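All remarks here apply to the structure that follows.
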Amino acid sequence: MHIIELKGVSKVYKVYRKPADRLFEILLRKNLSYEKVALKDINLKVRKGEALGIVGENGAGKSTLLSIISGIQQPTLGEVKVFGRVCAILELGAGFHPEFTGVENAYMYASLNGLSKSEIDRRLDFIREFSELGDFLYQPIKTYSTGMVVRLAFSVMIALNPEVFVIDEALSVGDIHFQKKSFDKIREFKERGGTLIFTTHSTYQITNVCDRAVWLKDGKIQMEGDPFSVVKEYEDYMREKDKMDQEQMEIRRANLTHAYIEDFKISHQEVKPGETFRAWLRVRSNKKEKVVLALLFRRNDNILLSVYSTKHEGIDVIVEDSTDVVFSFEDFPLLHGRYFADAYLLDETATVIYDVKSLPFDVPKESVTDLGIFKIKGSIELNPFSYSFSKL
C-alpha cells in the first residue's frame, strides 16, 4: 500500500531582483520577474512503513519536495496524495510562536493536527521527559538555543503519533546524545509501521536508517533505489565535483601562496586492520619557510576520526624547493568502511591552510565481530587468581 504518491510534480518560483519589483510589476503591468525551477516532473511513491532518504546538494530541491509532501507548499504542476497524518520538522522552529512557551506551542501545534486538549494532556508527560528541557518548557521559545528548539520540535512531533514523519536536516543541529536518542525513537517508530522521509548530508545515516533512497539533482530525480547504491553514486559524483573544485582552488592558491603540496600518495587503496598504512607527501615552496604537515582521517560522512601532525611530534619541517615526508601508522586500527586521508600543509602556527589534498581508501570486513570504527587491542584472562583487583 502506498501512503504517498506524487505524479508529475513540478515547483516553479517567481523570483524578483529587488523587492520593489513586485509593486512595479502590478503598477506597470509588466513582467519584472524570472522563473526558478525548484522541482521538475517528480514521480514518486512511498510505501506504508517505508523509510525514504533523500540526498542531494544544497539547492537540489530536497526541502521543497519535503514541504510539498508535508502540505506546507502546493506544487505548480502535478498531483500529490498523502494518506494519513503528516508531522514535519522542516525549517528550525517553523510552526512555533517565539513568544509562546514550549508547553503553549506544544498545545497549539497538537490542536492544529486535530488533537483534543485531553489527548494533549496525556502526551505532555512524554514531551517533558523526552525533550529533557525541564523548566525551560515554561519559558518562551525565543529564549531557546537551536538545540533546545530541536528537542521540543522532535518531542512534540513524535508524541502526535503520525502516520508520516518528515525531517529536513533538523536533527543535525542537536547534540550527539539527543541525536542518538532521536534515531532510537525513529527506529521504534518504523517498527510500529510508521513512514519516515528525511534528508540529511550524512550519507551514513541514510544507509543505516533507510530502506530506499532518492538522489535529487537540479530539481530532478537522478537516481532511485537501495540506499547503498544511491549513496555510492552520489558520493562518487560529489568526489569528482570536489576534485574539479580543488583543481580550481589550487590554481587560485598558486597565485596567493608560494608553498603547496605537489604530490600525495597512500600505500593502500584497501587496508586491512592491523596492516601498516603509509602516506607520502611532496611539498614545494618558492622560498625557505617553516611549515606544519598534518594527516586527517575522516569517515565517508565527514565525521572526524583523528589528526596526526608534525606539530604533535615536535618535528620542525623547513621546506625549500622540494621536501618529501612519509607518515607511517603500524597496526592500523580502523574497521570496515570507507574513509578519507586528508593531507594538510599549514603555516608554522598551524592556523593558516596553504594546501589540502584528499584520497579515499577502504577497509574490508573480515569478520562478523568487526563492529564499530576502530579495533581496541586488549587481553582477557579467565579466573586470574593471582590478580589483585585492589591494585587497579
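The values are calculated or read from the model by the stated rules, or taken from the named source; none is laboratory data. Bear in mind the structure is a predicted one, so any value in this text is a computation, not a measurement. Cβ atoms come from the backbone with ideal geometry, glycine included; neighbour counts cover every protein chain shown. Note: accessible area is taken over every heavy atom of the protein model, side chains too, but ligands, DNA and RNA are not part of it. Shrake-Rupley method; radii C 1.70, N 1.55, O 1.52, S 1.80 Å.
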Has the range 302-317 got any residue that is open to solvent by 70 Å² or more (accessible area, probe 1.4 Å), of a type in the set (Phe, Trp, Tyr) and within 29 Å of residue 240 (Cα to Cα)? yes
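Quick check on my filter: what residues within the range 14-36 are open to solvent by less than 70 Å² (accessible area, probe 1.4 Å) and either within 29 Å of residue 231 (Cβ to Cβ) or of a type in the set (Gly, Ala, Ser) (or both)? Steps first, answer last, please.
Just the residues of the range 14-36 that are open to solvent by less than 70 Å² (accessible area, probe 1.4 Å), to begin with: 15-16, 20-21, 25, 32-33.
20, 33 - these are the residues of the range 14-36 that are open to solvent by less than 70 Å² (accessible area, probe 1.4 Å) and either within 29 Å of residue 231 (Cβ to Cβ) or of a type in the set (Gly, Ala, Ser) (or both).
Please enumerate the residues belonging to the range 255-287 that are at pLDDT below 85 and either among the basic types (Lys, Arg) or more than 30 Å from residue 333 (Cβ to Cβ) (or both).
Narrowing the range 255-287 to residues at pLDDT below 85: 255-259, 273-274, 286-287.
255, 256, 257, 258, 259, 286, 287, listed by residue number.
Test residue 68 against the criterion of being closer than 17 Å to residue 13 by Cα and not basic (Lys, Arg), and give yes or no. Before you say what the answer is, go through the steps one by one.
Details: closer than 17 Å to residue 13 by Cα: yes; not basic (Lys, Arg): yes.
Criteria met by residue 68.
Go through the range 163-207 and give me each residue that's small (Gly, Ala, Ser) and either touching a helix residue (DSSP H, G or I) at 6+ places or on another chain (Cβ under 6 Å) or modelled with pLDDT under 80 (or both). Before the answer, list the steps.
Step one: list which residues in the range 163-207 are small (Gly, Ala, Ser), which gives 170, 172, 174, 182, 193-194, 202.
Answer for the range 163-207, where residues must be small (Gly, Ala, Ser) and either touching a helix residue (DSSP H, G or I) at 6+ places or on another chain (Cβ under 6 Å) or modelled with pLDDT under 80 (or both): 170, 172, 174, 182, 202.
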When both residues are 6+ apart or on different chains and their Cβ atoms are under 9 Å apart, which pairs have a first residue that lies in the range 272-285 and is farther than 10 Å from residue 260 by Cα, and a second that is open to solvent by 10 Å² or more (accessible area, probe 1.4 Å) and of a type in the set (Lys, Arg)? 273/375; 274/375; 278/265; 279/265; 280/265; 281/265; 281/357
Given the range 33-145, what helices (runs of 4 or more DSSP H) lie entirely inside it while holding 1 or more residues that are within 25 Å of the chain's Cα centre (by Cα)? 62-69, 117-131
From the list 245, 331, 321, which residue is over 31 Å from the mean Cα position of the chain (by Cα) and surrounded by fewer than 17 Cβ atoms within 10 Å (Cβ to Cβ)? 321
Run down 119, 191 and say which single residue is within 30 Å of residue 234 (Cβ to Cβ) and open to solvent by 10 Å² or more (accessible area, probe 1.4 Å). 191
Single match in 183, 165, 136 (criterion: open to solvent by less than 70 Å² (accessible area, probe 1.4 Å), among the hydrophobic types (A, V, I, L, M, F, W, C) and out of contact with any strand residue (DSSP E or B) (no Cβ under 7 Å at 6 or more places or on another chain)): 183
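Quick check: anything in the range 327-345 more than 26 Å from residue 274 (Cα to Cα) and touching a helix residue (DSSP H, G or I) at 6+ places or on another chain (Cβ under 8 Å)?
Initial filter on the range 327-345 (more than 26 Å from residue 274 (Cα to Cα)): 345.
Next cut, touching a helix residue (DSSP H, G or I) at 6+ places or on another chain (Cβ under 8 Å) only: none.
Scanning the range 327-345 turns up no residue that is more than 26 Å from residue 274 (Cα to Cα) and touching a helix residue (DSSP H, G or I) at 6+ places or on another chain (Cβ under 8 Å).
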